[in-house]
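A short write-up of the structure that comes next.
The values are calculated or read from the model by the stated rules, or taken from the named source; none is laboratory data. Only a predicted model underlies this, so the values are computations on that prediction, with no experimental measurement involved. No Cβ is skipped: glycine too gets one built from the backbone with ideal geometry, and neighbour counts run over all protein chains shown.
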Amino acid sequence: MMTPLYKYGFFGDELSLVVAFVLGIGFGFCLERAGFGSARKLAAQFYLYDMSVFKVMFTAIVTAMLGVTYLGWIGWLDLSQVYLVPTFLGPQILGGLVLGVGFVVGGYCPGTSAAAVATGRVDGMVYALGIFAGTFAYAEVYPSIKAFVNSNEMGQVTLPEVLGLPWGVIVFVVVVVAVVGFWGAGKVERWIGSRS
Amino acid sequence: MRWSALPLNRKLAAVALVLGAGALFSQPHRGPVVKLDTRELAMIVEQQVDHVTPAELAAWIVEGRADYRLLDLRSESEFASYHIPTAENVPVSALPDFPLQPGEKVILYSEGGIHAAQAWMLVRAQGHAAVYTVLGGLDGWKEEVLFPVIPADATAQQRARFEQVAAIATFFGGQPRTAEVAATAAPGSPALPTVTTPAAPELPSMAPPVAGRTAPAAAPKKKKKEGC
């Protein structure tokens, strides 16, 4: 069997929506179990006394990265069929900063706000309304910022391509950075915790 | 410290490190990602040096030339019912993995020519420079080689030339037609000859009969050298 299942035609558009729903519920469940349905927990990341967001997200990255690498290696995953979001360096850096500010101010990111809405948190609902308003505003101003949004296009690039390093080396380096980062995150938490 | 005594997060970190180290030797392949010189390709297309005419191809087959790979991109059943002698059947989806020698001359054809033109881009992208399509595809082959038509009011010179074309048509099991016959014929092409392949080297050698027609037996029009 070859994956991605959808690209290889194992199921059609209708079933793909069902699969997306199941995966979305699973994602939301994991976010909630990690405590990310609470804005306090998420905001704590930015004050450095609870590094859960960093640890959970980096764990997810490392897990997915290793999974993709090994599945591709043994031939169960056709990496040429995996969609990569195209890189627009400048606009995406600015977009990341805007999202970061929104994250600190609102206490959620888009995914976690959905988890918060599902668990009945009012602040999550307000945040979700903000997402809709923001999306609407973005669509309205899009024509005037179109040139910037589409600038710095680099296409569907990967780190091995940009850095000219073998895939495996990047994987190994990211794993090492993650493990060192987890160790460092624990230190930071204890240090900040002891100060307050 | 014993493994069982380690906390879960340390165990996971250890597993990740081991897998990460193993990944150093991995070769997950994202498929060939290539860069194309789009200006060069546009130039080739514009100068029409990316194809051979059916008559040229026919002459090569008659001569028994073996310095090219002729690839039929149609389905297996279509290929079985008829194909140009010396052709190999390669569905477009199998093209990226089809073993071609570097520098090999590759000639592609499909029914009309659209698939062949698309496949041309694929093979070019794989780094093969000597890629050509058969002008008009199999339809062009039928019209020009198998069932050539001589106009009713042909001059003596045209008739003399047509004799050579007709000889080639007969050679490939086709049938030269006069304009009247072609006009009265039922829509669609006449019945295709049964294929007698594999062919070229085994075909009786025959003087290229289209010699006076164009410049047929010549190699495909060479593209300009890079840098010129």
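Regarding A:Tyr108, is this residue surrounded by 15 or more Cβ atoms within 10 Å (Cβ to Cβ) and outside any helix (DSSP H, G or I)?
The answer is yes for A:Tyr108.
If I ask for residues that are touching a Ser or Thr at 6+ places or on another chain (Cβ under 7 Å) and of a type in the set (Phe, Trp, Tyr), which ones from region A:71-114 would you list?
A:Trp73, A:Trp76, A:Phe88
All but one of (1) closer than 30 Å to A:Trp167 by Cβ; (2) assigned by TED's automatic domain parsing to the domain that holds B:Asp139; (3) not in a helix (DSSP H, G or I) hold for B:Ser93; state the number of the condition that does not hold.
B:Ser93 satisfies all of (1) closer than 30 Å to A:Trp167 by Cβ; (2) assigned by TED's automatic domain parsing to the domain that holds B:Asp139; (3) not in a helix (DSSP H, G or I) except (3).
For region A:161-191, how many residues meet the condition of being among the hydrophobic types (A, V, I, L, M, F, W, C), in contact (Cβ under 8 Å) with a residue 12 or more places away in the chain and more than 10 Å from every other protein chain (Cβ to nearest Cβ)?
2
Take A:Thr119 and tell me if it is more than 16 Å from the chain's Cα centre (by Cα) and surrounded by fewer than 16 Cβ atoms within 10 Å (Cβ to Cβ).
Spelling it out, A:Thr119 is indeed more than 16 Å from the chain's Cα centre (by Cα) and surrounded by fewer than 16 Cβ atoms within 10 Å (Cβ to Cβ).
Identify all residues within region A:64-105 that are hydroxyl-bearing (Ser, Thr, Tyr) and either surrounded by 17 or more Cβ atoms within 10 Å (Cβ to Cβ) or facing chain B (nearest Cβ under 9 Å) (or both); write none if there are none.
Within region A:64-105, A:Thr69, A:Tyr70, A:Ser80 qualify.
Any residue in region A:34-42 that is aromatic (Phe, Trp, Tyr), surrounded by 18 or more Cβ atoms within 10 Å (Cβ to Cβ) and modelled with pLDDT of 90 or more?
So far as region A:34-42 goes, yes, one or more of its residues are aromatic (Phe, Trp, Tyr), surrounded by 18 or more Cβ atoms within 10 Å (Cβ to Cβ) and modelled with pLDDT of 90 or more.
So for region A:103-117 (the condition being in contact with a Cys (Cβ under 8 Å, 6 or more places away or on another chain), more than 19 Å from A:Gly168 (Cα to Cα) and at pLDDT 90 or above), does at least one residue qualify?
So the first thing to find is which residues in region A:103-117 are in contact with a Cys (Cβ under 8 Å, 6 or more places away or on another chain), and the list is A:103.
When the remaining residues are screened for being more than 19 Å from A:Gly168 (Cα to Cα), the result is A:103.
Applying the additional criterion that residues be at pLDDT 90 or above yields A:103.
Checked region A:103-117: at least one residue is in contact with a Cys (Cβ under 8 Å, 6 or more places away or on another chain), more than 19 Å from A:Gly168 (Cα to Cα) and at pLDDT 90 or above.
Just checking: which of the helices (runs of 4 or more DSSP H) contained wholly in region B:27-85 hold 1 or more residues that are small (Gly, Ala, Ser), buried (at least 18 other Cβ atoms within 10 Å of the Cβ) and out of contact with any Lys or Arg (no Cβ under 8 Å at 6 or more places or on another chain)?
B:54-63
Of all residues in region A:139-167, count the ones that are surrounded by 10 or more Cβ atoms within 10 Å (Cβ to Cβ) and at positive phi.
2
Tell me which residues, restricted to region A:38-63, are touching a residue at least 40 places away in the same chain (Cβ under 8 Å), in a helix (DSSP H, G or I) and more than 9 Å from chain B (Cβ to nearest Cβ).
Listed by number, the residues that qualify are A:Ala39, A:Arg40, A:Leu42, A:Ala43, A:Phe46, A:Tyr47, A:Phe54, A:Phe58, A:Ile61.
Looking at (1) free of Cβ contacts under 8 Å to residues at least 40 places away in the same chain; (2) away from every other protein chain (no Cβ under 14 Å); (3) surrounded by fewer than 19 Cβ atoms within 10 Å (Cβ to Cβ); (4) not in a loop (DSSP other than H, G, I, E, B), which is the only condition A:Ser113 fails?
For A:Ser113, the exception is condition (3).
Tell me, please, whether a residue that is without any contact (Cβ under 8 Å) to a residue 40 or more places away in the chain, in a helix (DSSP H, G or I) and either small (Gly, Ala, Ser) or over 30 Å from A:Gly24 (Cα atoms) (or both) can be found in region A:148-160.
no
Quick check on A:Gly75: is it within 30 Å of A:Leu159 (Cβ to Cβ) and not aromatic (Phe, Trp, Tyr)?
It is true that A:Gly75 is within 30 Å of A:Leu159 (Cβ to Cβ) and not aromatic (Phe, Trp, Tyr).
Against the conditions (1) surrounded by fewer than 18 Cβ atoms within 10 Å (Cβ to Cβ); (2) assigned to a helix (DSSP H, G or I), where does B:Ala13 fall short? Just the number, please.
(1)
So which residues in region B:81-106 are under 22 Å from B:Ile168 (Cα atoms) and free of Cβ contacts under 8 Å to residues at least 60 places away in the same chain?
B:Ile84, B:Glu88, listed by residue number.
Which residue pairs have Cβ atoms under 9 Å apart, sit 6 or more places apart or on different chains, and have a first residue in region B:145-168 that is more than 15 Å from B:Ala179 (Cβ to Cβ) and a second that is of a type in the set (Ser, Thr, Tyr) and part of a loop (DSSP other than H, G, I, E, B)?
From region B:145-168, the pairs are B:Leu146/B:Ser189.
Could you say whether any residue in region A:89-96 is in contact (Cβ under 8 Å) with a residue 40 or more places away in the chain and small (Gly, Ala, Ser)?
Within region A:89-96 (the criterion being in contact (Cβ under 8 Å) with a residue 40 or more places away in the chain and small (Gly, Ala, Ser)), the answer is yes, since at least one residue qualifies.
Answer yes or no as to whether A:Leu66 is farther than 30 Å from A:Arg40 by Cα, assigned to a helix (DSSP H, G or I) and not hydroxyl-bearing (Ser, Thr, Tyr).
yes
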